[in-house]
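Presented below is the structure to which this report refers.
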Amino acid sequence: MSNVRVRFAPSPTGFFHIGGARTALFNWLYARHTKGTFVLRIEDTDKERDRPEFLQVILDGLRWLGMDWDEGPEKGGNFGPYFQSQRGHIYEEYITKLKESGRAYEKEGALWLKISGEGQVINDAIRGRVERKEEEDFVIVRSNGTPVFHLVNVIDDLTMQITHVIRGEDHLSNTSKHMELFRAFEATPPIYAHIPLILKSDGPGKMSKRDRGALIEEYQQRHFLPEAVRNFLCLLGWSPKEDREILPIEEVISLFDIANVNKNNAHFDEKKMAFINCEYVKHLPLDSFVDKVKPILLSSKVIDENTDKDYIKDVLSICQEKVRGLEDVPHFVGYFFTENYPFDEKAKEKVMKKGNVNERLEEFLAFIEPLNALVESELEPGIKKLAESKNVNTGDYIHAVRLAVSGTNVGPGIYGLIRVLGKTRVQQRIKKFIA
RNA sequence: GCCCUCAUCGUCUAGUGGCUAGGACAUUGGAUUCUCAUUCCAAAAACCGGGGUUCAAUUCCCCGUGGGGGUACCA
């Protein structure tokens, strides 16, 4: 284990923002890369907004994304407590130090820090040398007695022996205040690394919690694969510097370094997020795809506890490569599990326009009648031969059959579809359609 | 206003003092005489502007412009 100690310090406000998740991720990656320590600290000092039950949202989100912490809530550690609300006595102690050294003074009931008057040089690990001078004394304890963010943040980083502060660029301007505080405590500031922000995909400014795709909870609810979300987040501000984008987290850990994090802000791209999720879904082993999809099909009432397990697996095996993500599966496979499947009017219109649909279906029925089991290896050449003999396109049979047995014109490959539905069901559905 | 910061296709990015400036998403067009929400192929698409430095700048420097952030007894 190295001596690197990084931290993620969220406020439990009831949601887990994508920007926060990315900050957590970069801290976590750096900790794992350096074999250091990832500390989770909860900044729950805002009485107006913070609620204890909101903590769970953050913890769930972190776990979901596979970011385990070495110290913090539900884990403990030698530098606790890890909730700011429980660290009051530590703050008192440090406030007293400032008063005694003459660096803090009271005015109008609030405690102010007397600035050094010198420019602060930040040797940012990402941005290089940044110079900024704090021009005015600032409040560190409000007149109601509560300490402000800058003070507690610095005291926590100091006492938790944080070596690298990896945080959003929105804190870059605050850093001069924080360095003033470290100097006032006669301590060496940590190494700072300010990572770029995630901007809205369209309008101006950074992602806000109201923007589509801004909350980790949204991806959880929409059944995104956490590995995919994490992979996408890795690519926002960092790159493996080769022409690959989908890469396992172990590889990211070994390649990641704060020195090669980008400086420029990145716009959120919903489409790319969806694409990466698709890639992960497609490459899931079938068994794990089935395991993940089953509960979704159950809760959307597409299947129930009695639905045949092998049949479910058969259906999913032909659909996996076609679905657009786990959340689309119920809609995609609905007709496999009910005789009451809806007909897509546009698809119907498109197929019927070709004409002679019933004739084709009759011919198809006659073709499968003598067959025992319907398998791809017989269906494909059989239908082609049938089409040739009638002097029509294979597509005429395929489109008509697909519409009749599924109610739509999109789906898995037709031969697999017919095989999985089975002869009896295919015959019944086509007959019902013709009638 | 002041302070800080950033700048390669629409978007995410790779890259270089001399290259046909690479990849991915998205887009468009083909192919798979089986749909497409699969797959494959192809196309279009970028170095913000102006000054320097240099034999040579997309690359280095300066100034603009544009974006972003900060300017709270919020975090």
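Every Cα-Cα pair in segment A:51-187 was counted, and those over 27 Å apart are 28% of them. Over its Cα atoms, what ratio of radius of gyration to 2.2 N^0.38 Å does segment A:12-86 give? Dividing the Cα Rg of segment A:12-86 by 2.2 N^0.38 Å gives 1.08. The residue among A:SER2, A:ALA24, A:ILE430 whose Cα reaches farthest toward the positive pole of the charge dipole of chain A, with charges on the beta-carbon of Lys, Arg, Asp and Glu, is A:ILE430.
If you take the alpha carbon atoms of segment A:288-409 and fit the smallest convex hull around them, that volume is 130 Å³ per residue. Using a Gaussian network model of chain A in which every pair of alpha carbons under 10 angstrom is joined by a spring, one finds that among A:ALA193, A:ALA400, A:ALA24 the greatest mean-square fluctuation is at A:ALA400. Here the label points at A:VAL139 and A:ASP287, each 7 Å from Cα along the C-beta direction, are separated by 6.1 nm in the simple model.
With both labels modelled 7 Å from their Cα along Cα-to-Cβ, the A:ASN78 to A:TYR341 distance reads 6.3 nm.
Over chain A, the Kirkwood radius and the radius of gyration, each from Cα atoms, give a ratio Rg/Rh of 1.16.
For segment A:208-328, treating each Cα as an identical point scatterer without solvent, what Debye log10 I(q)/I(0) comes out at q = 0.15, 0.20 1/Å? So the normalised log intensities work out to -0.77, -1.15.
Each principal axis of the Cα atoms in segment A:284-336 has its own extent, and those three values, largest first, are 25, 19, 17 angstrom. Could you pull out every one of the lysines with an alpha carbon less than 16 Å from that of A:LYS177, ignoring same-chain neighbours closer than 8 positions? List returned: A:LYS114, A:LYS133. Size descriptors for segment A:345-434 (Cα atoms only): Rg and Dmax, in that order, 11.9, 34 Å.
Stokes-Einstein diffusion for segment A:115-220, with the hydrodynamic radius set to the Kirkwood value over Cα pairs and evaluated at 4 °C in a medium of 1.567 mPa s, equals 83 µm²/s. Counted by neighbouring Cβ atoms within 10 Å, the residues A:TRP112, A:TRP28 run from fewest to most as A:TRP112, A:TRP28.
For chain A, what does the helix formula give at 222 nm: sum of -39500 (n - 2.57) over DSSP H segments with n ≥ 4, over the residue count, nearest 500 deg cm²/dmol?
Value at 222 nm, helices only, nearest 500: -13500 deg cm²/dmol.
With θ set to phi - 60°, apply the Karplus curve 6.51 cos²θ - 1.76 cosθ + 1.60 along segment A:88-96 and write out the HN-Hα couplings as whole Hz, x wherever there is a Gly or Pro. Values per residue, Gly and Pro as x: x, 5, 5, 5, 3, 4, 6, 5, 4 Hz. As an exercise, use a Förster radius of 60 Å and the Cβ-Cβ distance of A:ARG129 and A:HIS331 to find the FRET efficiency, rounded to the nearest 0.05. With R0 = 60 Å, the Cβ-Cβ based efficiency is 0.65. With R₀ set to 60 Å, the beta-carbon distance separating A:ALA110 from A:LYS272 gives a calculated FRET efficiency near 0.80. One way to sum up the overall shape of segment A:310-356 is the equivalent ellipsoid from its Cα gyration tensor, whose semi-axes run 25, 13, 11 Å, largest first.
Between A:GLU279 and A:ARG222, residue separation times 0.36 nm minus the direct Cα-Cα distance comes to 18.9 nm.
How do the peptides A:403-411, A:95-103, A:228-236 rank, highest first, by the average count of neighbouring beta carbon atoms within 10 Å per residue? Display every interim value, and only then the final one.
Numbers: A:403-411: 19.6, A:95-103: 14.2, A:228-236: 22.4.
The densest-packed peptide leads the list: A:228-236, A:403-411, A:95-103.
A cut-off under 14 angstrom between Cβ atoms defines the neighbours of A:LYS241, and their net charge, with Lys, Arg +1 and Asp, Glu -1, is -4.
Read-outs: derived from the displayed coordinates by stated rules, not from any lab. Just so you know, these numbers come straight off a predicted model, no measurement behind them. Quick reminder, even Gly has a Cβ in these numbers, built from the backbone with ideal geometry, and neighbours come from all protein chains shown.
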